[in-house]
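The values are calculated or read from the model by the stated rules, or taken from the named source; none is laboratory data. Just so it is clear, the model here is predicted, and its values are computed rather than measured. Here the Cβ positions follow ideal geometry from the backbone for every residue, glycine too, while neighbour counts run over all protein chains shown. When the accessible area is computed, the model is the full protein with side chains, heavy atoms only, and any ligands, DNA or RNA have been set aside. Shrake-Rupley method; radii C 1.70, N 1.55, O 1.52, S 1.80 Å.
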Amino acid sequence: MEEKNINKDIEFSDIPDGGSTDIYANLKEKLESVEQFPGIYNFKFIITGGLDKIQDLRAILPDDEFVEQPSKTGKYVSITVKKQMQNADEVIAVYKQAANITGIMIL
């Protein structure tokens, strides 16, 4: 399956804190307009607050390869996870779960 440049038209502000369905509906609309499903989706996260937070994220995406890049100061870790997704609803479900982890920023 061909991998393409993904996440280029989705901004951090499109990913909500909490559980507002209106914001998630907006995100779903944007995902469906710029992504092709099924396909590979790049999840990008920044984690602060320790390695236990990475383990919390691994619990959400247990079988996927994590590419971790620690910051120069060691204050945070940037994580990219490529995952085969069937539709925008699957992507949003991962974002909703990840939003419950304290110390995570979703990009």
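Stokes-Einstein at 10 °C, 1.306 mPa s, Kirkwood radius from Cα pairs: D for segment 32-107 in µm² s⁻¹?
Calculated translational D: 124 µm²/s.
Give me the 1.4 Å probe accessible area per residue for segment 37-107, excluding ligands and nucleic acids, in Å². Mind dumping the intermediate values first?
Numbers: 3950 Å² over 71 residues.
Accessible surface, normalised per residue, equals 56 Å².
Over segment 51-107, what percent of the accessible surface lies on carbon and sulfur atoms, probe 1.4 Å? Mind showing how you got there, number by number?
Details: 1710 of 3480 Å².
Carbon-and-sulfur percentage of accessible area, whole number: 49.
Taking segment 31-105, which GluC sites (Glu not before Pro) meet the DSSP loop condition and have no more than 11 other C-beta atoms within 10 Å? Don't skip to the end; give the middle numbers.
Numbers: sites: Glu32, Glu35, Glu65, Glu68, Glu90; in loops: Glu35, Glu65.
Within segment 31-105, the qualifying GluC sites (Glu not before Pro) (loop, at most 11 other Cβ atoms within 10 Å) are Glu65.
Mind giving me the nanometre distance, one decimal, between the label points for Leu51 and Val34, set 7 Å out from Cα along Cα→Cβ?
3.4 nm
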